[in-house]
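Asks: Here you go, one structure.
Please treat every number below as a calculation from the coordinates, not as lab data. Predicted model, so just to flag it, every value in this text is computed and none were measured. Note that we place each Cβ from the backbone using ideal geometry, even for glycine, and neighbour counts take in every protein chain shown.
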Amino acid sequence: MAPGPELNDTTLRLTAPDSQLRLLAEAIPQMVYTADAQGNLIYANKRWYEYTGSNYDQTRNLHWLRSVHPDDAETTRLTWQRSVQTGEIYEISHRLRRADDVFRWHLTRALPLKNASGEITSWFGTSTDIEDQRQASERMKVLLESSVQERTEALEIARDEAVRASALKSQFVQNISHEIRTPMSGILGMSELLSDMDLPPEAREMSNHILIAAGTLMGIVNDLLDFSKLEANKVPVQKSKFSLSELMENAILSVSSIVTKKSLNLEVDVQKDLPDGLVGDEKKIRQVLVNLLNNAAKFTESGDIKVVVKEQARTGDWYSVRFEITDQGIGISEEILPKLFEPFVQADGSITRRYGGTGLGLSICRKLVTVMSGEIGVESKSGSGSTFWFMLPLEASK
Ligand SMILES: Nc1ncnc2c1ncn2[C@@H]1O[C@H](COP(=O)(O)OP(=O)(O)O)[C@@H](O)[C@H]1O
Ligand SMILES: [Mg+2]
């Protein structure tokens, strides 16, 4: 405890005559008393007699500890002992007995009065009734606790409902996409066969339109199905040995038609010292690559698309492999960049109308990369192309 103002005979005598101090002590609403070095009461103010209901004779030579609630007696005694030993201000909250045997909480403080050689000769004490404040703060605590509990329960119910509703929705989307895929396969297959037939030019053009539209629709349905499965954590990682060069070839092949149609220049650079045989979820890696390559081709009117695969770090047989797809396309504005990997996020309306799509591709990529314990990101500037990258931990196959 911080040392308080030192009291001694001289200061008391100098600052006020005894009678004035008494008057002051009688006037204040706290209990005020003086006690000898051992704690036996010498003087007590009016409030003391009112509160305790005792008279002067009963009070004289009474150790004030006897008014303390039995449950608080031990800590009160110990705190008192410490102050007697150290000569520091005594301060404690405890219950004191009132005349009607009701105990009320008080804050009791006492200052030691010392003689010239530093020995305590007596104590000056006050006890302030803090029962009402304590009750108010107890009530507040109970009120707060119960409202926090109510709120927590309400939130838990709401969360459970949201989880249930979200699971239902995701199941619904999965079922619907699944159901659409079956007739869509029929339409795709039949229009492909139709396109191969000897048709009059007008009919050929129509069947080609059907084929392209059916392909786009199938893509959207597949995205929806993938997204809702990933959302529901229903996509396990399936690891097996694969060849990095074959993976890259397949991925490039699936965008070759759009790349050729737009006369883009596609370049692939796989770092030589990366092992070709790796262990990982080849299907998922391909899906991410194809998605990013498709975007690069979709949002680039002319110029180069460059794919780089390189070792970012290595420990033993484990490689952190970085895939980078850089295009010279329209780029992405600063505002949209931070939200780009969230579902259904697309650049502004005019671009979306021009290029179509659902805005699900990148969120699927992020989910796929995340389930494979990897990272994905983008650097881009509006008007000057983009670099999408992802990094995956992959083990060299033995
Ligand atoms: N390579 C890129 N260059 C410019 N913008 C891109 C590129 N890749 C993605 N974007 C922007 O991010 C949006 C979301 O992409 P994505 O999730 O694949 O959805 P979608 O291709 O269906 O629009 C795109 O609509 C586009 O605005
Ligand atoms: Mg896309």
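Asks: Do any trypsin sites (Lys or Arg not before Pro) in the range 102-148 lie in a loop, going by DSSP, with at most 14 other beta-carbon atoms within 10 Å of their beta carbon, and if so which?
Replies: Taking the range 102-148 and a limit of 14 other Cβ atoms within 10 Å, no loop trypsin sites (Lys or Arg not before Pro) are found.
Asks: For every other residue with a beta carbon closer than 11 angstrom to the beta carbon of Ser386, add +1 if it is Lys or Arg and -1 if Asp or Glu, then tell me the sum.
Replies: Net local charge, Ser386 excluded: -2.
Asks: Picking from Gly361, Gly383, Gly329, which is most flexible by a Gaussian network model of the chain using Cα springs under 10 Å?
Replies: Gly383
Asks: Next question, about the same structure. Work out the P(r) tail for the chain: percent of alpha carbon pairs separated by more than 36 Å, whole number.
Replies: Result: 56 percent of Cα pairs exceed 36 Å.
Asks: Compare the peptides 252-261, 162-171, 288-297 by average per-residue count of other Cβ atoms within 10 angstrom and give them in order, highest first.
Replies: My ranking of the peptides, most packed first, is 288-297, 252-261, 162-171.
Asks: What helices does the chain have that are whole DSSP H segments, at least 24 Å long along their own axis by Cα, and with mean Kyte-Doolittle hydropathy of 0.5 or more?
Replies: Within the chain the helices that satisfy the rule are 244-261.
Asks: Principal axis lengths of the range 136-231 from Cα atoms, whole Å, largest first?
Replies: 92, 18, 15
Asks: Within the range 268-366, which chymotrypsin sites (Phe, Trp or Tyr not before Pro) sit in a loop by DSSP and count at most 10 neighbouring Cβ atoms inside 10 Å?
Replies: When the chymotrypsin sites (Phe, Trp or Tyr not before Pro) of the range 268-366 are filtered for loop state and at most 10 Cβ neighbours within 10 Å, Phe344 remain.
Asks: Going by a ≥ b ≥ c, the root eigenvalues of the Cα gyration tensor, does the range 175-295 fall in the rounded group (a/c under 1.5), the prolate group (a/b larger than b/c) or the oblate group?
Replies: Judged from the Cα gyration tensor, the range 175-295 comes out oblate (a/c at least 1.5, b/c at or above a/b).
Asks: For the range 7-129, rounded, prolate or oblate, judged on the Cα gyration tensor with a ≥ b ≥ c (square roots of eigenvalues), a/c < 1.5 rounded, else prolate if a/b > b/c?
Replies: oblate
Asks: Right, here's the next one. In deg cm²/dmol, rounded to 500, what helix-only [θ] at 222 nm does the chain give when every DSSP H run of at least 4 residues adds -39500 (n - 2.57) and the total is split over its residues?
Replies: About -16500 deg cm²/dmol.
Asks: Work out Dmax and Rg for the range 240-396 from the C-alpha atoms and quote the Rg first, both in angstrom.
Replies: My reading of the Cα-based Rg and Dmax gives 15.3, 49 Å.
Asks: Of Thr182, Thr326, Thr75, which is the most mobile in a GNM of the chain whose springs link Cα atoms less than 10 angstrom apart?
Replies: Maximum fluctuation in the GNM of the chain, among the listed residues, is at Thr75.
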